Amino acid sequence: MRILLYNPDNGVTRNFMPHLWMFLLKAVTPAGHEVLLVDGNAQPMDEAQIAQFVREQNIELVGIGAMTRMIAKAYRIADAVRATGVPVVMGGPHVTELSDEALGRDGGSRHADAVALGEADETWPQIVNDAVRGELKDIYAPIDDAGKERKPSLKQYPVIPWDSIDLDQFNLVPKSATALLQKVGEGWGTFRIVPVESGRGCPYGCEFCTVTGFFGDSIRFRTNESVVNELLLLKARARKEKGQIAVFFIDDNFAINVKRTKSLLRDIIAAKAQVHWVAQISANLLRDEELVDLIAASGGKWIFIGMESIDPTNLKDVNKGFNKPGEYAAVLERLARRNVYAITSFIFGMDNDTAGVAERTLAHVRTWPPGLPIFGLLTPLPATPLYKRLETSGRLTRPKHWQEFIPFAMAHTPLKMTIEEAHAEVKYGWEQAYNPEALAQAVDSLSDQPLGYRINIFLARLCFRGIYFPMMGRLAWPKMIFQNRRTIFKLAKTAILSRRMRPRSSNLQTSSKDIAAREISGEVNA
Ligand code: B12
Ligand code: SF4
């Protein structure tokens, strides 16, 4: 059977890396089937195009996975596929919580022939076998013989064949630049960010989060060996292609068990399996100096921290009182001392927020080591405790907000500000954190570091905002470059001067090479 696994785009933000579920399900598909992957973020398709693709490729089963924000698109695509006569199976967090919606049991129309609830690692092979026989059931749930929910163990994790899988659609380097960039350093002909999981589950139960409900509060880990082997496979592929690969450890809280994380990082170092990596870790777990040493030594470059708010009352309200705003600066400095920087995520529109919250937050951000701040709005995702609380208190203004996804728009009324004020705060946060002055300040704050780090933070800031606000239109990039011309000129001048200052005698040349190498290693490694 030819199977298509499809992940819809949400039409607004650009994902910078593929979704793991597609690779995972492909890896556990029973032998004898061919599985094609299409990520709408890399290969946008509308309803007519997907129907044509399904017909032309003789697809016999389509699997669609989606988060809440892209579910409306997912349903439209599913309808178009089903109209061609091909069955659709849907999975992922949204349909797990609202399977009746996908199956048309809530009064709406039916979009899926079958729904996979929860983690589908063990149910997917059964779904495929049933589809072959034309006997798809409506619902597949991971349960044991006693009918109790069963969370897959990650001890027997499938090998994802990263060495042979077609990753062309996920290359972040434009094709036109590939040949030239293959010759730069160890090669930049390709650059991909690849999702790798080392464990699942988070017991913290923050009120707005789907994770504790979906993956459960029992945490499961892969073996160190299987993670290390996966990294080695990725590293080998990058080397073969004269390209680069960075890993996003998508665990919800990569250091939830600090002892185990340290042991994994030690094994990565011992096996020389270091690649540059990003991971999500909550601030409270980054108090540990030894952990941060190991993060840096094992290739960790960016840590995503869900700071959410600088107001302890807000944090308590959403059951995230373990975040201590008073220690944010110390945590970030501890990371920065090892040249590890942070993606700091904030939520506005919380119950104790008032107008001016963005500026108050930015006043803190400006005093911290440079990083990549993110600003979002408190969003009641289905089946979260937050959704239930707001529903009970009659505060939901768009109870089915996912049916018409509007980016950066609230679906409930905040308590101490209006919806419009909350929207304005998010807009202000992004504008101020990524304007040319803020970028210049971020670069200047690293003036005691090798030039590479400064270039790196500048490029990271320029590109990162584009994930959330894609740079559309022919003039978007030239305009951005013009606006930041002073910083670009300053960085270029420093680069030229440091080249000119290289001594000429052969003895000294060796040492200047060392210096240059150190400069570049700042550039390449940061
Ligand atoms: C990595 C990640 C991201 C990445 C991007 C996604 C990517 N390219 O991988 C980044 C950091 C960019 C991101 C951003 C956001 N994310 Co996010 N993200 C995750 C995270 C941490 C891991 C996803 C993952 O790979 N999980 C591991 C895989 C194995 O699990 P899975 O995807 O659920 O798949 C399993 C099952 O669901 C099922 N399944 C899934 N799809 C399908 C399809 C079929 C056909 C079948 C049969 C089964 C099936 O089988 C899989 C194997 O068991 C999850 C949390 C989590 N632990 O899942 C949040 C999560 C998915 N994100 C979430 C949210 C809210 C967001 C943001 C909206 C946050 C924000 N406000 O900006 C943005 C939106 C991004 C966008 N552009 O659309 C929510 C979604 C909740 C919901 N109901 O939709 C989650 C669950 C976290 C949470 N806080 O609740 N995210
Ligand atoms: S710590 Fe992160 S993953 Fe865990 S419940 Fe809170 S928001 Fe969700």
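The values are calculated or read from the model by the stated rules, or taken from the named source; none is laboratory data. Everything quoted here is computed from the prediction, not taken from an experiment. Positions of Cβ are backbone-derived with ideal geometry, glycine not excepted, and every protein chain shown enters the neighbour counts.
Observations on the model:
- Criterion (buried (at least 17 other Cβ atoms within 10 Å of the Cβ), charged (D, E, K, R) and in contact (Cβ under 8 Å) with a residue 60 or more places away in the chain) met by exactly one of Glu404, Glu425: Glu425
- Residues within region 465-494 that are modelled with pLDDT of 85 or more and of a type outside the set (Lys, Arg), tallied: 12
- Residue match in region 217-229 (condition: more than 16 Å from ligand 2 (Cβ to nearest atom) and closer than 26 Å to Ala460 by Cα): no
- Filter result for Tyr157 (closer than 22 Å to Pro30 by Cβ and either loosely packed, with under 12 Cβ neighbours inside 10 Å or at pLDDT 90 or above (or both)): yes
- Test: Asn58 is surrounded by fewer than 17 Cβ atoms within 10 Å (Cβ to Cβ) and not aliphatic (A, V, I, L, M): yes
- Candidate set: region 193-216, residues that are more than 9 Å from ligand 2 (Cβ to nearest atom) and β-branched (Val, Ile, Thr); chosen: the one nearest to Arg260 (Cα to Cα): Val196
- Residue, farthest from Ala383 (Cα to Cα), within region 87-110, restricted to residues that are of a type outside the set (Val, Ile, Thr) and in contact with a strand residue (DSSP E or B) (Cβ under 7 Å, 6 or more places away or on another chain): Pro87
- Residues of region 1-15 satisfying the condition of being buried (at least 17 other Cβ atoms within 10 Å of the Cβ) and touching a His at 6+ places or on another chain (Cβ under 7 Å): Ile3, Asn7
- Applying the criterion of at least 2 residues that are more than 21 Å from Val12 (Cα to Cα) and polar (S, T, N, Q) to the helices (runs of 4 or more DSSP H) found wholly in region 423-506 leaves 485-500.
- Of all residues in region 104-113, those being surrounded by fewer than 23 Cβ atoms within 10 Å (Cβ to Cβ) and either of a type in the set (Ser, Thr, Tyr) or within 15 Å of ligand 1 (Cβ to nearest atom) (or both) number 2.
- Hey, Pro312 in contact with a strand residue (DSSP E or B) (Cβ under 9 Å, 6 or more places away or on another chain), surrounded by fewer than 18 Cβ atoms within 10 Å (Cβ to Cβ) and farther than 30 Å from Gly189 by Cα or not: no
- Each residue in region 374-414 was checked for being within 12 Å of ligand 1 (Cβ to nearest atom), at positive phi and not aliphatic (A, V, I, L, M), and 1 of them qualify.
- Ile193 fulfils the conditions (1) within 10 Å of ligand 1 (Cβ to nearest atom); (2) surrounded by 19 or more Cβ atoms within 10 Å (Cβ to Cβ); (3) more than 25 Å from Lys148 (Cα to Cα); (4) at pLDDT 85 or above except for a single criterion, (2).
- Cβ separations smaller than 7 Å between residues 6+ apart or across chains give no pair from region 190-207 residues that are within 27 Å of Asp166 (Cβ to Cβ) and without any contact (Cβ under 8 Å) to a residue 12 or more places away in the chain to residues that are surrounded by fewer than 21 Cβ atoms within 10 Å (Cβ to Cβ) and among the aliphatic types (A, V, I, L, M).
- Restricting region 1-54 to residues that are hydroxyl-bearing (Ser, Thr, Tyr) and within 29 Å of Arg465 (Cβ to Cβ), the residue that is nearest to the chain's Cα centre (by Cα): Thr13
- The lone exception for Val340 - which of (1) within 16 Å of ligand 2 (Cβ to nearest atom); (2) buried (at least 18 other Cβ atoms within 10 Å of the Cβ); (3) over 20 Å from Glu230 (Cα atoms) it fails: (1)
- Scanning region 37-55 for residues that are buried (at least 17 other Cβ atoms within 10 Å of the Cβ) and under 24 Å from Ile160 (Cα atoms) returns Leu37, Val38, Asp39, Gly40, Asn41, Ala42.
- Set side by side, the residues Ile374, Ile303, Ile310, Ile343 differ, and just one is touching a His at 6+ places or on another chain (Cβ under 6 Å) and over 22 Å from His94 (Cα atoms), which is Ile310.
- Residue in region 269-276 that is in contact (Cβ under 8 Å) with a residue 60 or more places away in the chain, within 21 Å of the chain's Cα centre (by Cα) and away from ligand 1 (no atom under 15 Å from the Cβ) present: yes
- Of the strands (runs of 3 or more DSSP E) that lie entirely inside region 218-313, not one contains 3 or more residues that are closer than 27 Å to Arg150 by Cβ.
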